[in-house]
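The values are calculated or read from the model by the stated rules, or taken from the named source; none is laboratory data. None of the values given here were measured: they were computed from a predicted structure. Don't worry about glycine lacking a Cβ; one is built from the backbone with ideal geometry, like all the others, and counts go over all protein chains shown.
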Amino acid sequence: MTLTRTEVRELLDRHGIRPKRSLGQNFVVEPNTVRRIVELAAVGPGDRVLEIGPGVGSLTLALAEAGVAVTAVEIDDALVGVLAETTAGHDVVIVHADAMAVDWSDLLDNDQWTLVANLPYNVSVPLVCDLLDGVPAIRRMVVMVQKEVAERLVAGPGDGAYGLPSVKVAYHAVGRMVGRVPPSVFLPRPRVDSALVELVRREAPTVDADSEVLFDLVRAGFRQRRKMLRRSLASLVDEAAFAASGVAPTARAEELGLDEWAALTAAVTGES
Ligand code: SAM
């Protein structure tokens, strides 16, 4: 029931579709890969799964095969037509929309959703960050992204890939890399390696801090990641606030864990 390379090629040809790089269209054409993603997602009958960017339905069909009810959000009208054909007869709701502009509270009717997706690589970071920030109905995500993006999402202080998305993940979730995927399983073949990441939403953040201020600081800090904080945060954190926070003004953004960002936030907002 999953799509092979020949079947995907035939579908694209028959519908006169040429994959668009601008929409990150690299379709999985290896049944074992989509089955592995479904296994890692550990979803089954009764589970509600959101898929963003279903494409021609490779992963969608594997999810349906596992007995899952899928809501699939696809931006490309040509692919929506193909998808309607490949998923006919399955428990799949196709939503023709830009995932960056969806009103998720309209679409997700309870708070127990899992996002399982081979995400469009061009929007994967803002999409994951926005969903973590604004869509608590999504309890868990198992997503395929470019390997470098996966590294950024799960990085910790001191890692070269550590940045704002890593802090955002740490704030909302527990993230880990759960697999690597080579370019050979896609049509067309991307120039980059891919990886699978699992993000499990926390019941509540582990730090008690004004998240808006916290992420203003993180953003400013990483804008000049190699500069000392007293320079990169000069307009936001004064000497007294550094002293109150216990964070050294000589430290750099890339060295600070979530607790330290929260301590700085508390000092700035007068809560320490
Ligand atoms: N899931 C399919 C697979 O594994 O074969 C396709 C994955 S492909 C990497 C990304 C898909 O996301 C494409 O189908 C593309 O049209 C769709 N897409 C790109 N930007 C989107 C957006 N903003 N909202 C919804 N879908 C989008």
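A few notes on this one:
- Where residue 206 falls short, out of the listed (1) assigned by TED's automatic domain parsing to the domain that holds residue 40; (2) touching a residue at least 40 places away in the same chain (Cβ under 8 Å): (1)
- The set of residues in the range 236-270 that are in contact (Cβ under 8 Å) with a residue 12 or more places away in the chain and assigned to a loop (DSSP other than H, G, I, E, B) comprises 236, 237, 246, 247, 248, 249, 250, 251, 256, 257.
- Subset of the range 129-162 (residues that are of a type in the set (Lys, Arg) and farther than 27 Å from residue 226 by Cβ): 139, 140
- Among (1) more than 13 Å from the ligand (Cβ to nearest atom); (2) more than 22 Å from residue 215 (Cα to Cα); (3) modelled with pLDDT of 95 or more; (4) not in a helix (DSSP H, G or I), the one test that residue 109 misses: (3)
- Flag if residue 229 is touching a residue at least 60 places away in the same chain (Cβ under 8 Å) and either touching a Ser or Thr at 6+ places or on another chain (Cβ under 9 Å) or not aromatic (Phe, Trp, Tyr) (or both): no
- Being at pLDDT 95 or above and more than 13 Å from the chain's Cα centre (by Cα) is a property that residue 136 has.
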